Amino acid sequence: QVQLVESGGGLVQAGGSLRLSCVASGSIFSRNVMGWYRQAPGEQRELVASITSSGSTNYADSVKGRFTISRDNAKNTVYLQMSSLKPEDRAVYYCYIRQALAGDYWGQGTQVTVSS
């Protein structure tokens, strides 16, 4: 079992910044992928960014150049630095971890609201 706890969401004005954090605990393998999805009201959940345990990253086109994903393997923590936030970034952001033969685990979600 794996538990994920997110923090860092909140309300910010357009153009502002927020940093999300997600700490994983439990059965964490050395090789995994961690990342963030988001879900806006009435929309499907979409991948925002992911990072492998070796540091390879992947971003949604809508956040490239504005968001940066990073991780601290020693702390089993993944971060999402969000800058130049737009009202359309408003969503619940979910942290996840994917491990071979162990499946996916999700956090409880953290709300990000961007005011125009």
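The values are calculated or read from the model by the stated rules, or taken from the named source; none is laboratory data. Note that the structure is a prediction, hence the values are computed from the model and not measured. Counting neighbours? That spans all protein chains shown, and the Cβs are built from the backbone with ideal geometry, glycine included. What goes into the accessible areas is simple: the full protein's heavy atoms, side chains included, and nothing from ligands, DNA or RNA. Shrake-Rupley method; radii C 1.70, N 1.55, O 1.52, S 1.80 Å.
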In the range 60-95, anything within 21 Å of Glu43 (Cα to Cα), in a strand (DSSP E or B) and either over 13 Å from the mean Cα position of the chain (by Cα) or small (Gly, Ala, Ser) (or both) is listed as Ala91
Going through the range 74-97 in order, the residues found to be exposed (fewer than 15 other Cβ atoms within 10 Å of the Cβ) and over 15 Å from Leu18 (Cβ atoms) are Ala74, Lys75
The condition of being outside any strand (DSSP E or B) and of a type in the set (D, E, K, R) holds, among Arg31, Arg38, Arg98, only for Arg31
Reported set for the range 101-116 where residues are touching a residue at least 40 places away in the same chain (Cβ under 8 Å) and either open to solvent by 40 Å² or more (accessible area, probe 1.4 Å) or part of a strand (DSSP E or B) (or both) is Tyr105, Trp106, Gln108, Thr110, Gln111, Val112, Thr113, Val114, Ser115, Ser116
Given (1) surrounded by 14 or more Cβ atoms within 10 Å (Cβ to Cβ); (2) farther than 26 Å from Glu88 by Cα; (3) free of Cβ contacts under 8 Å to residues at least 60 places away in the same chain, Ile51 misses just (2)
Restricting attention to the range 11-27, the residues that are open to solvent by less than 40 Å² (accessible area, probe 1.4 Å) and farther than 22 Å from Arg90 by Cα number exactly 1
